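Undergrad: Below you'll find the structure I mean.
Each reported figure results from applying straightforward, stated rules to the coordinates on display, with no laboratory input. In this text, all values refer to a predicted model and were calculated from it rather than measured experimentally. Backbone-built Cβ (ideal geometry, glycine too); neighbour counts: all protein chains shown.
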Amino acid sequence: MAGGDWTALYISGADRPAPMVVACEHASNRIPEDLAGLGLDRTACTSHAAYDIGAAHVARTLAEELDAPLVEGAISRVVYDCNRPLSAPDAIPVTSEVFDIPGNRDLDDAARRARFERVHVPFHTALAETCRTQEDVCRRRIALITVHSFTPVYMGQQRDLDIGFLHDATPGFARATLAAERARGIWRAKLNAPYSAKDGVTHTLAMHGEAHGRPSLMVEIRNDLIADEDSGTRMAYHLADTILIALAAPDVARGAAG
């Protein structure tokens with residue numbers, strides 16, 4: 001792998017003072033030029049297989065509303081999924097729902113390791129440093145929030161929710177956010193849906209939340225609800241209010257205070 005733009009992440013709002021960090025692992029559908037599009041057509045490259053549709057704008061607006069730094073991925077998850085360890089078979093997927101990914105077939109260990117080093121390592125190094133810096137500035141334990149979106153129909157099955165709040169081993173922040181959302185009564189919200197930790201989706205939460213005793217939350221939003229910037233902005237404003245209510249809950253507040 002030589003040539004092309006392998007910039008793996010962008011950081012915005014590094015000087016924002018809130019005791020939290022927002023991350024968006026699947027913000028981009030960009031594939032470095034030297035990978036020749038991995039053999040995918042335009043339909044695949046603009047689909048939910050390549051990135052979390054609408055998530056980047058929600059994450060950026062949410063981070064601004066919360067006055068928190070944001071770390072977002074800058075390379076498509078079909079190149080390497082930053083929310084997966086190298087050991088995960090789908091870290092470099094050969095298929096994603098109905099799409100085959102020819103450029104990922106038959107990669108040897110060295111090629112997989114090279115993708116990991118160029119995408120996963122810089123993203124998570126930056127996220128770790130951002131979290132540490134934010135705790136130094138705030139002089140308290142921060143909260144971690146990751147933003148994702150999901151397709152409303154997957155493998156022909158309709159999903160009966162609008163927003164999911166996911167957790168790794170410690171459920172407090174996710175449960176408090178679910179309670180706050182349900183009390184507001186606007187969107188159909190569920191805990192650990194449409195995925196959960198058993199599906200291998202809490203890698204980032206485990207690395208940067210659980211491992212450091214930080215309250216952590218993964219937000220999954222139905223992508224047709226945030227398909228344009230206006231709807232994404234409205235969702236971000238709504239989620240900011242819900243998250244702030246949850247962070248004020250006694251159990252979560254104690255955890256964040258450290």
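Undergrad: Residues of the range 1-58 being of a type in the set (D, E, K, R) and either buried (at least 19 other Cβ atoms within 10 Å of the Cβ) or in contact with a strand residue (DSSP E or B) (Cβ under 7 Å, 6 or more places away or on another chain) (or both), which ones? Can you show your working first?
TA: First pass over the range 1-58, keeping only residues of a type in the set (D, E, K, R): 5, 15-16, 25, 30, 33-34, 41-42, 52.
25, 52, listed by residue number.
Undergrad: Collect the residues in the range 6-53 that are closer than 15 Å to residue 115 by Cβ, of a type in the set (A, V, I, L, M, F, W, C) and over 16 Å from the mean Cα position of the chain (by Cα), keeping them in residue-number order.
TA: Once the filter is applied, which keeps residues that are closer than 15 Å to residue 115 by Cβ, of a type in the set (A, V, I, L, M, F, W, C) and over 16 Å from the mean Cα position of the chain (by Cα), the range 6-53 yields 6, 31, 35, 36, 38.
Undergrad: May I ask you to list the residues in the range 163-182 that are touching a residue at least 40 places away in the same chain (Cβ under 8 Å) and either surrounded by fewer than 21 Cβ atoms within 10 Å (Cβ to Cβ) or among the small types (Gly, Ala, Ser) (or both)?
TA: Listed by number, the residues that qualify are 164, 169, 170, 172, 174, 176, 179, 180.
Undergrad: Whether any residue in the range 195-202 is surrounded by fewer than 22 Cβ atoms within 10 Å (Cβ to Cβ), in a strand (DSSP E or B) and free of Cβ contacts under 8 Å to residues at least 24 places away in the same chain is what I want to check.
TA: Checking the range 195-202: not a single residue is surrounded by fewer than 22 Cβ atoms within 10 Å (Cβ to Cβ), in a strand (DSSP E or B) and free of Cβ contacts under 8 Å to residues at least 24 places away in the same chain.
Undergrad: Can you list residue pairs whose Cβ atoms sit under 8 Å apart, with the first residue in the range 126-150 being touching a residue at least 24 places away in the same chain (Cβ under 8 Å) and closer than 18 Å to residue 173 by Cβ and the second being in a strand (DSSP E or B) and hydroxyl-bearing (Ser, Thr, Tyr)? Count only pairs 6 or more apart in sequence or on different chains.
TA: Matching pairs, first to second residue: 143/216; 144/216; 145/216; 146/216.
Undergrad: Any idea which of 217, 244 is in contact with a strand residue (DSSP E or B) (Cβ under 6 Å, 6 or more places away or on another chain), more than 22 Å from residue 47 (Cβ to Cβ), in contact (Cβ under 8 Å) with a residue 60 or more places away in the chain and not aromatic (Phe, Trp, Tyr)?
TA: Details: 244 fails: in contact with a strand residue (DSSP E or B) (Cβ under 6 Å, 6 or more places away or on another chain).
Step by step, each of 217, 244 is checked, and only 217 is in contact with a strand residue (DSSP E or B) (Cβ under 6 Å, 6 or more places away or on another chain), more than 22 Å from residue 47 (Cβ to Cβ), in contact (Cβ under 8 Å) with a residue 60 or more places away in the chain and not aromatic (Phe, Trp, Tyr).
Undergrad: Same structure, new question: Which residues, counting only those in the range 86-141, are among the basic types (Lys, Arg), assigned to a helix (DSSP H, G or I) and either over 17 Å from residue 76 (Cβ atoms) or touching a Pro at 6+ places or on another chain (Cβ under 7 Å) (or both)? Before the answer, list the steps.
TA: So the first thing to find is which residues in the range 86-141 are among the basic types (Lys, Arg), and the list is 105, 112-113, 115, 118, 132, 139-141.
Then drop every residue that is not assigned to a helix (DSSP H, G or I), which leaves 112-113, 115, 118, 132.
Those that are among the basic types (Lys, Arg), assigned to a helix (DSSP H, G or I) and either over 17 Å from residue 76 (Cβ atoms) or touching a Pro at 6+ places or on another chain (Cβ under 7 Å) (or both): 113, 132.
Undergrad: One residue is enough: does the range 13-33 have a residue meeting the conditions touching a residue at least 60 places away in the same chain (Cβ under 8 Å) and part of a helix (DSSP H, G or I)?
TA: Within the range 13-33, not a single residue is touching a residue at least 60 places away in the same chain (Cβ under 8 Å) and part of a helix (DSSP H, G or I).
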